[in-house]
Structure formats: C-alpha cells, structure tokens
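Student: Please see the structure below; I have some questions.
Derivation of every value follows stated rules applied to the coordinates shown; laboratory data play no part. Computed from a predicted model, the values in this text were never measured in an experiment. Positions of Cβ are backbone-derived with ideal geometry, glycine not excepted, and every protein chain shown enters the neighbour counts.
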Amino acid sequence: MSASGSVGQRDAEGKPTVFSGIQPTGIVHVGNYVGAIRNWASMLDDYDCTFCVVDLHAMTVPYDAGDMQSRVFETFAMNVAGGLDPDRCRLFVQSHVPEVTELCWILFSCTAMGDLSRMTQFKEKSEKLKGQINAGLFAYPVLMAADILLYRAGVVPVGDDQTQHLEFAREVARRFNTRFGDTFPEPEPLFSDVPRLMGLDNKAKMSKTLNNYISLLDEPEEIWAKLSTAATDPARIRRGDPGTPEICNIFTMHQAFSPAEDTEWAANGCRTADIGCLDCKRRLADSMAAELAPILEKYRGLISRPDHVRHLMDEGAAACRGIAQKTLEEVRQRIGVR
Ligand code: SF4
C-alpha cells in the first residue's frame, strides 16, 4: 500500500481520513474481497476510515427494487464478516445519510458538463446499456465526489480504473473552493499493490454479472469445482509444456491467497513444467478455502441475527451523519443558503 503525494485531511489523532464505497451486489466475490474489503481492513490501524455500501449509486443501472434491501443487507454483513470491524471504522449504508444527496445537488453547480461527458466509465456503461441510459448514470461521478467530500476524506483507495473519477472529485473540490472559499480538501489517490483478479475465464474482471466468479459464500467443494475448470496459460496444452505464471489468473490468485512458499512453488513448477495445472489449482483451492472458511462462518452468524446487523448499520449511519451535518452546515453558509 502506498500513498501518492500528501495525505491531506487528518483526524484528531493525526491519522489520514479515508473514504471508499462498495456496490450492494449481495453476492460478494473474491475479487471484491481482495481489492476492497481485505484491502480496506488492512488500513484500519493507520487511517481514520469511513466505508459505505453505495445503494444510491446502484440505482443508476436497471435493477429489481424488491431485491435491493436484501442486497444491501448481505453486502453490509459480508463487509463486517470480511474484516471491517464496525468498532474500528465507520461502516454505513449510503442512503442512510441523506445529506449526501443535498451536497450532490450543490456540487452539480460546480461541475462542468464537459468533464462529465469525458468519463470513460460512462461511455463504457452506456455502450452496454443501450436505450436504458439515465441522467443518474451520467451524473454518477458527482455523487461519488459528494460521498468523498461530505466526509472530507484526505485519501481514497483507487484501482487503475477509478483514477479518472477521483481526479474529477478533486476538480469539483477545486471549483467549489475557488468559487465559495476554501472548504474541501482535494482527496489524494491511495494506490494499492493488491493483486487484481480477473474472472475465471481470464477474459474480463471478475464479476457477478458475467458469472465468472468465486463467491465468499462458496463452500470448499464449490471453490474447487470452479477453479478446476478455470482458464490457465493457454500455452500449457500438455502437462509437459512450460508456462508463464505472470499471464495466468490462477497464479494471480495464488499471490492473493497462498503463503509465499506456495506462490514460489507455483511459479517455479509452472515455468519448468514440474507441476500440472490441476496440482497448482488444488493447492490454491486449499489456501482459498482456508481463508474464506472463518469469513463464511462469521457471515452466517451475522445474518442469523438480522437485528444486530441493522443495529450496526444504524450506528454507522449515526456516526456519519454527525460529520455530514457539520460539513453541510459550513457548505450552506458558504453558498448563501441557510
Ligand atoms: Fe497457471 Fe499454475 Fe497452470 Fe502455470 S501451472 S498455467 S500458474 S494454473
């Protein structure tokens, strides 16, 4: 984990403030776990952390309203089970702090249409959604900026595909500060060195929609069944063919889940053809199942106590509302609306 540039805003103890959000997909896959939940959990000691389940963002694409509550609930519980201890961070559901929508509206007036229209993710998503594009999808980065600025985050963990959105949030903060006076820190990116997992087909990012994932809810035999048929280095046609671990997603997953000696064993064995792909996958399946088993157990314990999970959501929202209301009070004064 490494921060780029200064870390901006800090809490009373001098820890940099961090904000990030996760989509309420319901089923959380190992790509989400490695890239977001486990990565965020590793920051709890050194940062003042705020994380949320972004249900308002999820409205920008077609969805079944009847499923939303359960998706949010399950995603929230999975974040807790995956290591986001609510006693050590503010974990909440985006819509439970409605102040973000007011700030979003205010920030629209500090947003250039040209900046929004250049967003690569909007172009990609609208290409897929042909005929179902709504204004929310277009304005998505403004809501994201509102999320970050409402909590005055100094740093935001980002992957390669999110740097444009963060740069957009920085630009919005700059525009607001120039027009109304210094109010928001410009959030800095926090690039992580965690492995980025591709889907089991090794063609696209792991995703629920593409059904190319391993879920945190998968039992060991399901993990093995999925890994055993997953794509590998296509050059390894026969067992005696040497391979290139760096282009194989199974090897990337070893880097994410296996002890260093097993990762080295996989790399060497692959290059020399001393191991077969099934040997390599078997060892990965064991490592993955060992890490996920306690998470699954904790998750089951949580969802068997739904009132407790809702209580955690309420506590997270209450902690965030205090910060949000203070920010909005200052913003309203700055913009002349009281
Ligand atoms: Fe991938 Fe392992 Fe097969 Fe090499 S041996 S191609 S790293 S699965």
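Student: Stretch Asn211-Lys326 to full length: gain in nm at 0.36 nm per residue minus the Cα-Cα span? Each step should come with its number before you reach the end.
Tutor: Details: separation 115, 0.36 × 115 = 41.40 nm, distance 4.23 nm.
Once the chain is fully extended between Asn211 and Lys326, it gains 37.2 nm.
Student: Give the distance, in whole Å, between the Cα centre of the stretch 234-301 and the Cα centre of the stretch 156-186.
Tutor: Using only Cα atoms to place each centre, the spacing works out to 39 Å.
Student: Can you tell me how much longer the chain between Tyr63 and Asp314 gets when fully stretched, taken as 0.36 nm per residue apart minus their C-alpha distance, in nm with one decimal? If you can, show how the numbers build up before the last one.
Tutor: Working: separation 251, 0.36 × 251 = 90.36 nm, distance 2.45 nm.
Answer, rounded to one decimal: 87.9 nm.
Student: Continuing with this model, one more query. Within straight cross-link reach of Lys326, meaning Cα distance under 15 Å, which aspartates and glutamates are found once same-chain residues fewer than 8 apart are removed?
Tutor: Excluding near neighbours in sequence, the set is Asp11, Glu99, Glu102, Asp147.
Student: Additional query: Please work out the Cα convex hull volume for the stretch 220-300 and give it in Å³ per residue.
Tutor: So the per-residue hull volume is 80 Å³.
Student: Would you calculate the separation in nanometres between label points at Gln162 and Ala260, each defined as 7 Å from the Cα along the Cα-to-beta-carbon direction?
Tutor: Modelled inter-label distance: 2.8 nm.
Student: Now for a different question. Mind jotting down the distance between the C-alpha centroids of the stretch 82-127 and the stretch 23-78, whole Å?
Tutor: 13
Student: Per the Kirkwood formula on distinct C-alpha pairs, the Rh of the chain is how many angstrom?
Tutor: For the chain, the Kirkwood estimate is 21.3 Å.
Student: Here's a follow-up. Kindly flag which residue pairs out of Lys128/Lys298; Lys123/Lys208; Lys128/Lys281; Lys123/Lys298 have an alpha-carbon separation exceeding 29 Å in this structure.
Tutor: Correct reply: Lys128/Lys298; Lys128/Lys281; Lys123/Lys298.
Student: Another question, then. Can you put Arg238, Arg310 in order of Cβ neighbours within 10 angstrom, beginning with the fewest?
Tutor: Fewest-to-most Cβ neighbours within 10 Å comes out as Arg238, Arg310.
Student: Let me ask another. For the stretch 39-108, what is Rg from Cα atoms divided by 2.2 N^0.38 Å, rounded to two decimals?
Tutor: The reported ratio for this selection is 1.24.
Student: With a cut-off of 16 Å, note down the residues of the stretch 134-160 whose backbone N falls inside the zone around a label point 7 Å from the Cα of Glu102 toward its beta carbon.
Tutor: Inside the label zone: 146-147, 149-152.
Student: Sorting Glu13, Glu222, Glu297 on the 10 Å Cβ count, fewest up front, what's the list?
Tutor: Glu13, Glu297, Glu222
Student: Another question, then. Between Phe191 and Asp46, how many nm apart are label points set 7 Å from Cα along the C-beta direction?
Tutor: For Phe191 paired with Asp46, the spin-label model returns 1.6 nm.
Student: Gain in length, Arg179 to Asp307, computed as 0.36 nm per residue apart minus the alpha-carbon separation, to one decimal in nm?
Tutor: 41.6 nm
Student: Go through the chain and flag any cysteine with no other cysteine's C-beta closer than 4.7 Å, please.
Tutor: Cys52, Cys104, Cys110, Cys248, Cys270, Cys277, Cys280, Cys320
Student: Can you sort Ile223, Ile27 from fewest to most other Cβ atoms within 10 Å of each residue's own Cβ?
Tutor: The order, fewest Cβ neighbours first, is Ile27, Ile223.
Student: Run through the DSSP bridge list for the chain and note the antiparallel percent, rounded to the nearest 5.
Tutor: Working: 5 of 20 bridges.
Rounded to the nearest five, the antiparallel share is 25 percent.
Student: Sequence gap at least 6, Cα distance under 8 Å: using those rules, report the relative contact order of the chain to the nearest whole percent.
Tutor: Reported as a whole number, the value is 23 percent.
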